[in-house]
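Trainee: Shown below is the structure under consideration.
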Amino acid sequence: MEAGFDGIEIHGANGYLIDQFMKNEVNDRTDKYGGSLENRCRFTLEIVEAIVDEVGADRVGIRLSPYTNYMESGDSNPEALGLYMVNSLNKFGISYCHMFEPRMATPHGLRPMRNAFKGTFIIAEGYDREEGNKAIADGYADLVAYGRLFLANPDLPRRFDLDAPLNKYNGDTFCTSDPITGYTDYPFLSSDI
């Protein structure tokens, strides 16, 4: 906050450490952080509480991915995990929950979580302009996050507004050490469009 940031998004998704604590296919702990759903989610909720206490609930969000199995971090009951987490997060009154949804495997599987969460609900993963607008219109989410499309289209809002063609992203350039190729070299729309 001293650096001037507006808030903090806790990354509790995609197989990273926090996600590993929550998922029963990777968490084999036998202490108070393992076993039951409540115990597996304890670490995440302790992090949320500590950050909320430090900066305020209105400046805290979290990214979760109950349905994903990155880095062997899967869960046998992702819906129960997601519901437990959003209901627990409601007690803190955090600003938003940003859910990663692998739509290929579980189309619209986040609906119960969306219905339960009291704050702003953000969804992400593979949405295009039309699907994103439909998700908002249907009340499936409050916001849609665009990662890959934004990376490949630095003027994505303008392109969406004009319904202009999109640059295709190049997944081979993701997570490389080159700071330009695949990150800052995608073209903007022509100014005469």
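Trainee: Considering just Cα atoms, how many Å³ per residue does the convex hull of the stretch 12-57 enclose?
Mentor: Hull volume normalised by residue count: 72 Å³.
Trainee: Another question about this same structure. So, taking all protein chains as they sit and a 1.4 Å probe, how much accessible area belongs to Lys134, in Å² rounded to tens?
Mentor: Using a 1.4 Å probe on the heavy atoms, I get roughly 120 Å².
Trainee: In addition: Tally up the carbon and sulfur contribution to the accessible surface of the chain as a whole percent, 1.4 Å probe, everything protein left in place.
Mentor: Carbon and sulfur together cover 52 percent of it.
Trainee: Hey, any idea what the orientation-averaged projected area of the convex hull of the stretch 140-181's Cα atoms comes to, in nm²?
Mentor: In nm², the orientation-averaged hull projection of the stretch 140-181 is 4.0.
Trainee: Rounded to two decimals, what ratio of Rg to Rh does the chain give with C-alpha atoms and a Kirkwood Rh?
Mentor: We get a ratio of 1.00 for the chain.
Trainee: Using the charge dipole of the chain (Lys, Arg: +1 at Cβ; Asp, Glu: -1 at Cβ; taken about the Cα centre), state which of His98, Leu37, Asn167 has its Cα farthest towards the positive end.
Mentor: Comparing the listed Cα positions along the dipole, Leu37 ranks first.
Trainee: Count the net charge of all other residues whose Cβ sits under 14 Å from the Cβ of Gly139, scoring Lys and Arg as +1 and Asp and Glu as -1.
Mentor: With Lys, Arg at +1 and Asp, Glu at -1, the neighbours total +1.
Trainee: Arrange the residues Phe150, Phe100, Phe188, Phe160 by how much accessible surface each exposes, largest first, with a 1.4 angstrom probe.
Mentor: Accessible-area ranking of Phe150, Phe100, Phe188, Phe160, largest first: Phe188, Phe150, Phe160, Phe100.
Trainee: Quick one: check the C-alpha center-to-center distance for the stretch 1-78 versus the stretch 110-127, whole angstrom.
Mentor: 16
Trainee: Just the number please: accessible area per residue for the chain, 1.4 Å probe, all protein chains included, in Å².
Mentor: 55
The values are calculated or read from the model by the stated rules, or taken from the named source; none is laboratory data. The structure displayed is predicted, hence computed values, not measured ones. All Cβ positions, even for glycine, are placed from backbone atoms using ideal geometry, and neighbour counts span all protein chains on display. With ligands, DNA and RNA removed, areas are computed over all heavy atoms of the protein, side chains included. Shrake-Rupley method; radii C 1.70, N 1.55, O 1.52, S 1.80 Å.
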